[in-house]
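Right, one structure below, let's go through it.
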């Protein structure tokens, strides 16, 4: 068994800080790419929670499997979101979210 010098509360504090930074990035940024980076930080914080709870609860690999699915979903989300950002940039020549107010092409 691996010896861990960090307790579960240390990991949860790290995850909470990471999630808070992600929320701050989503709420304060106007650039679509920066908002996507904030969303990814929030997903990574959730992945840390899944893995830590799985490790300390000793329920097998359930948390790691859910974290793996979350990473795959996040990769697909980024691919779709970047394609949308590129399409919006081609039509409006900006990725500033405050200037995007219509959905017509």
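Return the total of residues in the stretch 50-72 being at pLDDT 80 or above and out of contact with any helix residue (DSSP H, G or I) (no Cβ under 8 Å at 6 or more places or on another chain). Residues meeting the conditions: 4.
Among the residues making up the stretch 30-53, a single one is free of Cβ contacts under 8 Å to residues at least 24 places away in the same chain, within 18 Å of residue 98 (Cα to Cα) and more than 10 Å from the chain's Cα centre (by Cα): 34. With respect to residue 13, is the statement that it is in contact (Cβ under 8 Å) with a residue 60 or more places away in the chain, loosely packed, with under 13 Cβ neighbours inside 10 Å and part of a helix (DSSP H, G or I) true? So residue 13 does not fit the description; no.
When you check residue 56 against the structure, is it assigned to a helix (DSSP H, G or I), over 16 Å from the mean Cα position of the chain (by Cα), touching a residue at least 40 places away in the same chain (Cβ under 8 Å) and surrounded by 15 or more Cβ atoms within 10 Å (Cβ to Cβ), yes or no? No: the conditions fail for residue 56. For the stretch 79-101, the criterion of a residue being free of Cβ contacts under 8 Å to residues at least 60 places away in the same chain and closer than 21 Å to residue 16 by Cβ is satisfied by no position.
The values are calculated or read from the model by the stated rules, or taken from the named source; none is laboratory data. Just so it is clear, the structure is predicted and the values come from calculations on it, not from any experiment. Glycine gets a Cβ as well: all are built from the backbone with ideal geometry, and neighbour counts include every protein chain shown.
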